Structures are given as C-alpha cells and as structure tokens.
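Here the structure is laid out as structure tokens; the discussion comes afterwards.
We did not get these values from a lab; they are worked out from the coordinates using the rules stated. All of these numbers come straight from a predicted model, not from anything done at the bench. FYI the Cβ positions are ideal-geometry reconstructions off the backbone, even for glycines, and counts take in every protein chain you see.
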Amino acid sequence: MQRVTISIDDDLLSELDAFAGERGYASRSEALRDVVRDFLASRAADSDERCVATVSYVYDHERRDLSRRLAQLHHDHHHLSLATLHVHLDHHDCLEIGVLRGKASDVRALANAVTSQTGVRHGRLDVIPESRLPHIHHEHGGHSHGGDGRGDEHA
Ligand code: NI
C-alpha cells in the first residue's frame, strides 16, 4: 500500500467525514478507498469486462402480467441470471434481488430491461467487475478455483 497526500476543499472534506462517520469507517483513508473503488467499478460496468452483479427492484405483483413478464426476462437470459430472491413485502409489493453474471454490458442491458418495466420501482444495479475479485480465474478448465498456489479459498 502506498501513502499519497491530496489537497481537498474544506467543504468536501467535511462531507467525506460525515459520510465516513455515517457508514462507520475507521478512517478517512478507508472511506476514500471504498469511494474510489465504487466509482471505478461503476465505470467498468459499461465495458465488455465480465462481472457479477445484483439488480434489486420492487413491484406490485397484482399488476397485470408484470410477474410473468419479469420471470420471462430472466428465463430469456438464463445464461446471465443466476438466481432471484423474492420477498413478499406486504399484500401488494414484492422485492426481488437478481444475481447476474456475464459481460458487463449484457448484464446492464438485462437490468435495464427489468427495471424499466412499467410498475417496477426502486430499480438499482450494483456491479462488481471480476477483475476486482482477485481469486476468480477466468479459464475454468474444470473445477480448479484459484490457481495462485493458495488453494481453495472457499473452505
Ligand atoms: Ni411476492
């Protein structure tokens, strides 16, 4: 890890400190690292890079045909859609969290198709580029996870 010195406006710094306090960061450095990481990850989300992602949204399951259309979108992209968590929030609203994996631009297109359906609210996509997951190796010629000599990290 390297140490860098940056100049920052008083106002911006107090906003950063407030953010770090709210989120419970132990230090400014840690807060800033996460902010930069998030920003860089969001940039990678528009690329051809492979990623894992979650798309979350709320919808009214009584709205005509909507549940079926959402399920259809996930089925049509089963190579991207790994799993969906469904929570019945109350008599009307459902919260769904889809776990997606694939090329970032494809993942974003599917997430947009889901969250832009009429009746879907609070749509949000979070993308983690695989390049930021150092133990993922891309050539899965079998079941060997982690080819760096450290063995299986999932134990
Ligand atoms: Ni439900």
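Taking amide H as placed 1.01 Å from N in the peptide plane, the amide H of L82 sits under 5 Å from that of V99, L100, R101, each at least 5 places away or on another chain. Which residue, A26, A44, A53, has the most motion in a Gaussian network model of the chain that connects Cα atoms within less than 10 Å? Checking each option, the largest mean-square fluctuation is seen for A26.
Per-residue ellipticity at 222 nm, computed for the chain from helices alone with -39500 (n - 2.57) per DSSP H run of at least four residues, works out to -11000 deg cm²/dmol. Using the Cβ-Cβ distance between I6 and D93 with R0 set to 41 Å, the FRET efficiency works out to roughly 0.40. Spin-label pair L16-S47: with each label point 7 Å from Cα along the Cα-Cβ axis, the two points sit 2.4 nm from one another.
Loop-located trypsin sites (Lys or Arg not before Pro) across region 25-103 with a Cβ neighbour count of 10 or fewer within 10 Å are R64, with loop assigned by DSSP.
Helix 10-23 and the longest principal axis of the C-alpha atoms of the chain enclose an angle of approximately 60°. In the chain, Cα pairs under 8 Å separated by at least six residues give a relative contact order of 26 percent. Extending 7 Å from Cα along the Cβ direction at D65 and again at L85 yields two label points whose distance is 3.1 nm. Of D93, D17, D34, the residue with the greatest mean-square motion in the GNM of the chain, using alpha carbon springs below 10 Å, is D17.
In a GNM of the chain with a 10 Å cut-off on Cα contacts, which of T84, T54, T118 has the highest mean-square fluctuation? Maximum among the listed residues: T118. Helix 66-76 and the longest principal axis of the Cα set of the chain meet at an angle near 70°. Computed about its Cα centre, the charge dipole of the chain is approximately 380 debye, with only Lys, Arg, Asp and Glu carrying charge at their Cβ.
With neighbour counts taken as other beta-carbon atoms within 10 Å, the residues H77, H91, H122 rank, fewest first, as H91, H122, H77. Counting beta carbons within 10 Å around each of F19, F39 and listing the fewest first gives the order F39, F19. Segment V35..R121, full-extension length gain: 28.4 nm, with 0.36 nm per residue of separation and the alpha-carbon distance subtracted. Between helix 104-115 and the chain there is an angle of about 50 degrees, using the helix long axis and the longest principal axis of the Cα atoms.
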